[in-house]
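First the structure, in the form of structure tokens, and then the observations on it.
The values are calculated or read from the model by the stated rules, or taken from the named source; none is laboratory data. Predicted model only: the values in this text are computed from it and were never measured. All Cβ positions, glycine included, derive from the backbone under ideal geometry; neighbour counts span all protein chains shown. Note: areas computed on protein heavy atoms with side chains; ligands, DNA, RNA excluded. Shrake-Rupley method; radii C 1.70, N 1.55, O 1.52, S 1.80 Å.
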Amino acid sequence: MKRWLGLPLVRIALWVGAWALVGYYFGVVALVTTSPLMAVSVKRPMVQLLSDFRHAVRRQVWMPVHGHHYVYRGTTVHVVEDDELCRWVNLADIQKMAGFTLADHTLAVVYPGKVKAMGTPPAPHMRDDALVTHLGKINQPEVLRLRTWVERNIALPGQKLRSNASRDAGG
């Protein structure tokens, strides 16, 4: 019962019902004099109802891309997570920001097993740890900032996720 009374829509309905009863038994003058009380009592549940609606809409919109949507300085970075919980970053997105022009097959030779085509249509992706290593080799301030961002937002949370999963699977 307490749970139902905590819902904002139920609280608003109860206040409106009580206000209508006051108006029914005591007339229009009572409605006019108690309307400020009604407004004050309905204000908080109404704000809570609108806030709950906003959170529900945000959850509905962002849940399908949760954990896969990253933005660096206004540019979307597409990240794919495989079955082993490794995060693979789309190289086209990184090349737009960093400006390095190494060919995809060159990166595949330098970082064996860390560059592969994924997604539909297949696009070259690089594993997060190899990307951090590669960006660390380019000595430009903007690229080093990008490396720090990739490490903090993609690579380290991915490593933590993998270590937690291995710990949970191990014992």
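Select one label from (i) 39; (ii) 69; (iii) 59: the one whose number is percent of Cα pairs over 23 Å apart as derived from the coordinates shown.
Only one option fits the structure, namely (iii).
What angle do you read, to the nearest 10 degrees and between 0 and 90, between the alpha-carbon axis of helix 128-137 and the longest principal axis of the chain?
Roughly 60 degrees between the two axes.
I want to check a number: in the chain, how many lysine pairs have alpha carbons closer than 19 Å, given a sequence separation of 8 or more or different chains?
Summing the qualifying lysine pairs gives 4.
Expressed as a whole percentage, what fraction of the accessible surface of the chain belongs to carbon and sulfur atoms when a 1.4 Å probe is rolled over the protein heavy atoms?
In the chain, the share of accessible area belonging to carbon and sulfur is 63 percent.
Extending each Cα 7 Å along its Cβ direction at Val109 and Ala56, get the distance between those two points in nm, one decimal.
It works out to 5.8 nm between the two label points.
With the contact rule set at Cα under 8 Å and sequence spacing of 6 or more, what percent relative contact order holds for segment 66-169?
Computed over segment 66-169, the figure is 23 percent.
Taking the Cα centre of segment 34-117 as origin, work out the dipole magnitude from +1 charges on Lys and Arg Cβ and -1 charges on Asp and Glu Cβ, in debye rounded to 20.
The dipole of segment 34-117 has a size of about 540 debye.
Which whole-Hz ³J(HN,Hα) couplings does segment 46-59 yield from phi under the Karplus relation 6.51 cos²θ - 1.76 cosθ + 1.60, θ = phi - 60°, glycine and proline marked x?
Values, residue by residue: 5, 5, 5, 4, 5, 5, 4, 5, 4, 5, 5, 5, 4, 4 Hz.
Charges on Cβ only, +1 for Lys and Arg, -1 for Asp and Glu, centred on the Cα centroid of the chain; of Met118, Leu37, Leu9, which one is farthest towards the dipole's positive end?
Leu37
State to the nearest 20 debye the size of the charge dipole of the chain about its Cα centre, where the only charges are +1 on K and R beta carbons and -1 on D and E beta carbons.
Computed about the Cα centre, the dipole is about 620 debye.
Using the heavy atoms of the protein chains and a 1.4 angstrom probe, tell me the accessible area per residue for segment 113-171 in square angstrom.
Counting only protein heavy atoms, the per-residue value for segment 113-171 is 58 Å².
May I ask you to give the average projected area over all directions of the convex hull of the Cα atoms of segment 99-148, in nm² rounded to one decimal?
3.7 nm²
Under a point spin-label approximation (7 Å from Cα along Cα-to-Cβ), what is the Asn139-Tyr24 distance to one decimal in nm?
A separation of 8.4 nm, rounded to one decimal place.
Just by accessible area at a 1.4 angstrom probe, what is the order of His105, His69, His134 from largest to smallest?
His105, His69, His134
For Leu14 and Asn153, compute 0.36 nm times the residue count separating them, minus their Cα-Cα distance, and round to one decimal in nm.
Working it through step by step, the gained length comes to 45.4 nm.
Between Tyr72 and residues 5 or more places away or on another chain, which pairs have amide H atoms under 5 Å apart, with H built 1.01 Å from N, and which residues are they?
Under 5 Å from the amide H of Tyr72 lie the amide H atoms of Val77, each far enough along the sequence or on another chain.
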